[in-house]
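Reviewing the structure listed below.
The values are calculated or read from the model by the stated rules, or taken from the named source; none is laboratory data. Quick caveat: nothing in here was measured; it's all calculated off a predicted structure. As a convention, Cβ positions derive from the backbone with ideal geometry for all residues, glycine included, and neighbour counts pool all protein chains shown. Please note that ligands, DNA and RNA were not included when accessible areas were found on the heavy atoms of the full protein model with its side chains. Shrake-Rupley method; radii C 1.70, N 1.55, O 1.52, S 1.80 Å.
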Amino acid sequence: SMLPAGQLLLDHVAKGGLALSLDEEAEAQRIVLHGPSGSDTVIGVNDIPATLDGAAKHNVQNAMAAAGLACGLGISAAGIAGALASYDNTFDSNPGRFNIFKGHRFTTVLDLAHNPHGALAACKALQGMKLPGRRIAVLANFGNRHPEHIPEIAQIAAGQFDTFICSRNRKYSEEFKLLRGFPSEEIPKRLAAALSAQGVETSRIMTIDDEAAAIDQALDIAGEGDLLAIFSGESDWCWERIVSYREAEKAESAEP
């Protein structure tokens with residue numbers, strides 16, 4: 001349960017079951033394991049790096065699911081806590097899943113979300129990242145599969161960003177063409193139209209068909225204190241593009 005232990009949960013435990021709840025103590029959330037022998041804190045949410053201090057609610061849920069499974073396998077609460085505390089969202093640990101890069105004057109987040117559920121989870125987590133600048137999004141991984149995802153994504157994202165760059169993932173162009181019902185070349189324009197239908201001014205929307213060019217454009221326009229979110233299905237080369245952005249220029253500026 002993502003709520004403190006309620007009567008339904010306690011009734012389950014009273015019958016010999018096990019349960020996990022998300023309790024709050026001194027304004028800090030903690031994952032609590034309930035069983036016949038009592039209730040014990042497994043770990044504080046802020047002690048799980050992948051939750052971004054609780055902002056990434058979907059990873060709080062994932063952590064609780066993992067804790068429940070591990071408990072069922074007989075792993076101790078201390079062992080579960082140690083594992084959760086050692087796991088984060090770095091590219092090396094979990095490539096393409098809300099990877100954060102702070103090596104530029106702006107902050108970049110890379111995520112593989114490709115459907116409304118994933119977009120909603122990512123946007124909620126992004127809301128918890130308080131930066132002073134603009135919010136820029138590259139939408140390059142949406143609309144590849146189901147056509148109805150495009151208006152749903154637009155509804156979710158419309159109020160979340162200041163600037164939108166609509167593109168497409170060529171990798172899935174042919175694989176999902178029949179399912180999608182229209183050529184992948186239409187995806188960026190359809191995304192832009194869907195955003196406009198949600199009230200986003202056209203001046204805030206760009207359409208760039210080539211995904212690499214779209215990402216480069218986003219990196220170029222991002223400024224001091226901005227938050228750049230890139231939704232891409234090509235995590236390896238995209239991450240490399242983010243990390244190595246203007247490396248040559250930075251090296252030159254560092255020379256005496």
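Here the gap between residue 53 and residue 86, fully extended at 0.36 nm per residue and compared with their Cα-Cα distance, gives a gain of 10.5 nm. Only helices enter the 222 nm calculation for the chain: every DSSP H run of n ≥ 4 contributes -39,500 (n - 2.57), and dividing by all residues gives -11000 deg cm²/dmol, rounded to 500. Label point of residue 39 set 7 angstrom out along Cα-Cβ; within segment 64-108, amide nitrogens under 18 Å from it belong to 64-65, 68, 77. Compared with the alpha-carbon gap, the fully stretched path from residue 105 to residue 196 is longer by 29.8 nm at 0.36 nm per residue. Excluding ligands, DNA and RNA, the accessible surface per residue across the chain is 50 Å² with a 1.4 Å probe. Can you compute the FRET efficiency between residue 178 and residue 117 using 1/(1 + (r/R0)^6), with r the Cβ-Cβ distance and R0 = 22 Å? Round to the nearest 0.05. Result of the calculation: an efficiency of 0.45.
Cα-Cα over 29 Å: which of 57/102; 124/171; 102/189; 57/177? Before the final figure, lay out each step's value.
On the way: 57/102 21 Å; 124/171 27 Å; 102/189 31 Å; 57/177 33 Å.
Correct reply: 102/189; 57/177.
Work out how much length residue 212 to residue 73 would gain on full extension: take 0.36 nm times their residue separation and subtract the Cα-Cα distance, in nm to one decimal. Please list the in-between numbers first.
Details: separation 139, 0.36 × 139 = 50.04 nm, distance 4.41 nm.
Gain on extension, residue 212 to residue 73, equals 45.6 nm.
Within the chain, all pairs of alpha-carbon atoms sorted by distance into 10 Å bins from zero give the percentages 7, 27, 28, 21, 14, 4, 0, 0. Charged side chains reduced to their Cβ positions (Lys and Arg at +1, Asp and Glu at -1) give the chain a dipole of some 560 debye around its Cα centre.
If you place +1 on the Cβ of every Lys and Arg and -1 on the Cβ of every Asp and Glu, how big does the dipole about the Cα centre of segment 25-101 come out, in debye to the nearest 20? Before the final figure, lay out each step's value.
Numbers: 3 positive and 7 negative charges, 47 e Å.
Its charge dipole is roughly 220 debye.
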